[in-house]
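The structure under discussion appears below in the form of C-alpha cells.
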Amino acid sequence: MTLHPMTESHETNQSTPWLWTLPKAAARRLPRAGAARWLEVTEGRVWLTRSGHELQPGDDVWLSAGEHLLLPAGSEWVAEGWPQARVAVLEAPEPTLNAA
C-alpha cells in the first residue's frame, strides 16, 4: 500500500477544493490543522485511523457513504478507500457564544 499526503488545495481543484478521491490501495495522510474539521464520505467506504497517539482497540474507524466524523483540531489521520472512495473535508465552524 502506498501512503500519500492529501495535498490537494484550492489551486489544484478550484471547482470542489474540499473533495478528495481515495483511489484503490492508496492511503492518504490528513495532516494536522489548527481548527477542527469534518470528514464526510460522499462515495464508497473509508477506513480511518488517528496518527501520533497510542492507539487503543477500536480506534480504527469505518465510514460508509453519507457518514461523517469530526476530526479534532491538531489531530492527524490516515485514510484509505475500501476499495476506493471520495471524501469531503471541511473546516468545522467555531462555536458561537451568545452575548447576554
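The values are calculated or read from the model by the stated rules, or taken from the named source; none is laboratory data. Given the structure is predicted, the values throughout are model-derived calculations rather than measurements. No Cβ is skipped: glycine too gets one built from the backbone with ideal geometry, and neighbour counts run over all protein chains shown.
Are any residues in region 66-81 in a loop (DSSP other than H, G, I, E, B) and among the small types (Gly, Ala, Ser), and if so, which ones?
Gly66, Ala73, Gly74, Ser75
Among the residues in region 50-61, are any within 22 Å of Leu19 (Cβ to Cβ), over 10 Å from the mean Cα position of the chain (by Cα) and either β-branched (Val, Ile, Thr) or modelled with pLDDT of 90 or more (or both)?
Within region 50-61 (the criterion being within 22 Å of Leu19 (Cβ to Cβ), over 10 Å from the mean Cα position of the chain (by Cα) and either β-branched (Val, Ile, Thr) or modelled with pLDDT of 90 or more (or both)), the answer is yes, since at least one residue qualifies.
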